[in-house]
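A quick write-up on the structure given underneath.
Just so it is clear, none of the values below were taken in a lab; they were calculated from the coordinates. Model, not experiment: these values are computed from the prediction. Positions of Cβ are backbone-derived with ideal geometry, glycine not excepted, and every protein chain shown enters the neighbour counts.
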Amino acid sequence: MVKGYLGIDAGSVSTNLVFLDEAGRIREALYLRTQGRPIATIQTGLRQLAESLPPRVAVRGVGATGSGRHLAGVITGADVVKNEITSHAVATSTLIPGVQTILEIGGQDSKLIILRNSLVVDFAMNTVCAAGTGSFLDQQAARLGIPIEKFGEIALRSRSPVRIAGRCAVFAESDMIHKQQMGYDLPDILAGLCEALVRNYLNNVGKGKEILPPVVFQGGVAANAGMKHAFEKALGLEVQIPPYYNVMGAVGAALLAREKTVRGLPSSFKGFQVAQVDFASGGFTCDGCPNTCEVVEIREEGRVIARWGDRCGKWSGALAERKTG
Amino acid sequence: MKVTFPHMGHIWLCVKTMLEYLGVDLVIPPPSSKRTLALGVRYGPEFACLPLKLNLGNFIEASALGADTILMAGGCGPCRFGYYAQVEHAILQDLGYRYELVVLEPPERHVGQLLSRIKVITGNNSWRQVYRGVKLGYQKIRAVDELEMAIHRLRPRETIPGSADRAFLEALREIERASDLAELAVAQRQVKEILKSVPTEERDVLRIGIVGEIFTLLEPFANLDIERRLGRMGVEVDRSIYLSEWVNDHMLFGLIKGLRSRRDACRAALPYLRHFVGGHGQETVGSTILYARAGYDGVIQLLPFTCMPEIVAQSILPVVSADLDIPVLTLTFDEQTGEAGVVTRLEAFVDLLERRRRGRGRVRQEGTESKRGLRVTKA
């Protein structure tokens, strides 16, 4: 029988699932597009994972991370619900011992994690806007009619990248259109965009933090060879991309689940059959005060299993009290 | 005359006490809410900081309840807040609200200046009465500050989730009800009993100092309830500014002795920042140093988006953080109500501090080994 740990990273753009065996080896890894339907995507992932794993499998622990971590947590019955920064740091420092810098660019956010002696000592996330994250690259690729998978390859063909304003996605786009209408080559424009995004990342997220090697680049955007090249050029350092670069958050969540349940605690995992259960999310606007909070309710087979979104805790708290009482 | 004033944490309790004691009619604006913010954002200049927008929203909402006179603090820069009273008044005028404006500027020479400005509001009350009213208001806000400090200790140690917060509300009502100093003394004994009734257990908790711009620090609506969130995550917090200390420093010339003063923070800041930079920029740097010296695990800086004094401090904090080996997280607040980003950062920061503490324990153990000649580890 295969025993192991399940990690789920419910991100804004992709939902990733991994299954680690007891030795911490990655047995299965899935990268799915969330497409605005996190619950259905998590269920699809569980179904696919159950199919690809051997029939007799024991899940010893489940970890959830990503912006949809609470949702993933209540649906699957996760043992650990952790933020993305800790999850990424745990995964990378386990798979690449000695890592000192993690550059992570996902669909809607980008992070920089600084580690020393395997401990996170500093981190930063993009603050004001999502310029330079995966969604923007996706959008620009679509506008230019090139598949996102080809983006990096084309950018690498560039001989002299053009200069593009990277501070804001709106300016970047108008700059790109301007350069394209001037007649610049597509590879030079794409490489220019990569350089602009890297500049933006280092100024906005990096903000003078000490970037020491080994440097690891992960998240969906690490698939883009143009971005890797631009980082190496800007930093003057070699940048590594780990084998499971696009599911590292999920790997970290699984490792954290292992850490949590290693003392023999039973997992609260509801089983792969939750893929067949009917989950519905709904919401209402509370009229208890002028905050008019938009409360979200998650129902399992019609029964409310979680609520959040209320500032005062009136709705989420009522549910928690019922559980303990 | 019906007097109103902007919200900033529990300042309402202090002002309400003073004015009611002196028989002045007042309107407390409804607690700051999304509606308040929406009004402020709609009518305030886009580039102004969050405090201006919430003030404006407070005044519009108070006007609907009959307020006709604004009582507000002023200042003399470089922080823009010093001009907010006038700007907000002008915006309200343009919108057709007829408000009288009374600005309490920090007195330049002696406390009498402040009293004379108060006199505009207090009218025929004798000086003696005014003095008593101010004293009672001050004592109450001191009582609330002490209550908050106690709650900061209780929250991470409570055994029943939410019991510390419930005790806080109950205790706050006791303090609010007191109408003179004798009653306040009784209320404070009552508060002690309420606090004792919160079931707690001794835990080894993380300690975080919260520094930054005063409004964002004191107003839970503006900082998305950061103290409560951290408390529930098992963190004991302390704030670099409490209202009573601020009033003592800025309005009363430090007449009340024995309170923590901004002077200590500013003195501590000197090696890094020798100048007043407006607002609480210098205090932010200094308080971070004081928290590091006091052995806190980390510091969180709060600022409203576009806050110049805090941006100055923010640019200095990385050096302080490296020199004194204390992690610092900066959070910027604006009109966003999406709390996911703040929660993620807080959780990650707390994880960082926890793992760091565990790592330190390891280093310490290894250090003792080194004495026996096994291994030398540098902390």
Given (1) crowded, with 16+ Cβ neighbours inside 10 Å; (2) polar (S, T, N, Q); (3) over 28 Å from A:Y5 (Cβ atoms), A:N203 misses just (1)
Looking only at helices (runs of 4 or more DSSP H) that fall completely inside the stretch B:1-88, which ones have 1 or more residues that are within 14 Å of another protein chain (Cβ to nearest Cβ)?
-> B:34-43, B:50-63
Restricting attention to the stretch B:316-337, and to residues there that are assigned to a helix (DSSP H, G or I) and under 22 Å from the mean Cα position of the chain (by Cα), which single residue is farthest from B:R293 (Cα to Cα)?
-> B:I316
Going by the structure shown, is B:L303 within 11 Å of chain A (Cβ to nearest Cβ) and under 16 Å from the mean Cα position of the chain (by Cα)?
-> no
Please specify each residue of the stretch B:200-230 satisfying the condition of being over 16 Å from B:G298 (Cα atoms) and within 14 Å of chain A (Cβ to nearest Cβ).
-> B:E219, B:P220, B:F221, B:A222, B:N223, B:L224, B:D225, B:R228
Residue list for the stretch A:293-315, restricted to those being within 14 Å of another protein chain (Cβ to nearest Cβ), without any contact (Cβ under 8 Å) to a residue 40 or more places away in the chain and surrounded by 15 or more Cβ atoms within 10 Å (Cβ to Cβ) | A:C293, A:V295, A:V296, A:G309, A:D310, A:R311, A:G313, A:W315
Just checking, which of A:N224, A:N200, A:N204 is within 14 Å of chain B (Cβ to nearest Cβ) and more than 30 Å from A:G61 (Cβ to Cβ)?
-> A:N204
When you go through B:T69, B:T36 one by one, which is the residue that is closer than 30 Å to B:E183 by Cβ and either surrounded by fewer than 18 Cβ atoms within 10 Å (Cβ to Cβ) or touching a residue at least 12 places away in the same chain (Cβ under 8 Å) (or both)?
-> B:T69
A:E153: closer than 30 Å to A:V99 by Cβ, part of a helix (DSSP H, G or I), more than 14 Å from chain B (Cβ to nearest Cβ) and acidic (D, E), yes or no?
-> yes
Output the residues belonging to the stretch A:214-244 that are part of a helix (DSSP H, G or I) and buried (at least 21 other Cβ atoms within 10 Å of the Cβ).
-> A:G220, A:V221, A:A222, A:G226, A:M227, A:K228, A:A230, A:F231
Residue tally, condition more than 21 Å from B:E227 (Cβ to Cβ) and not aliphatic (A, V, I, L, M), over the stretch B:148-191 | 7
Of all residues in the stretch B:158-172 being part of a helix (DSSP H, G or I) and touching a helix residue (DSSP H, G or I) at 6+ places or on another chain (Cβ under 9 Å), which is nearest to the other protein chains (Cβ to nearest Cβ)?
-> B:D165
Do you know which of the residues in the stretch A:273-291 that are over 27 Å from the mean Cα position of the chain (by Cα) and either surrounded by 15 or more Cβ atoms within 10 Å (Cβ to Cβ) or part of a strand (DSSP E or B) (or both) is farthest from the other protein chains (Cβ to nearest Cβ)?
-> A:F284
In the stretch B:230-244, the residues that are surrounded by fewer than 20 Cβ atoms within 10 Å (Cβ to Cβ) and either assigned to a helix (DSSP H, G or I) or without any contact (Cβ under 8 Å) to a residue 12 or more places away in the chain (or both) | B:R232
Do the conditions hold for A:A250, that is, is it under 15 Å from the mean Cα position of the chain (by Cα) and part of a helix (DSSP H, G or I)?
-> yes
Test each condition in (1) under 24 Å from B:G341 (Cα atoms); (2) β-branched (V, I, T); (3) in contact with a strand residue (DSSP E or B) (Cβ under 7 Å, 6 or more places away or on another chain); (4) more than 14 Å from every other protein chain (Cβ to nearest Cβ) for A:V170 and report the one that comes out false.
-> (3)
Somewhere in the stretch B:225-248, is a residue over 17 Å from B:E146 (Cα atoms) and under 13 Å from the mean Cα position of the chain (by Cα)?
-> yes
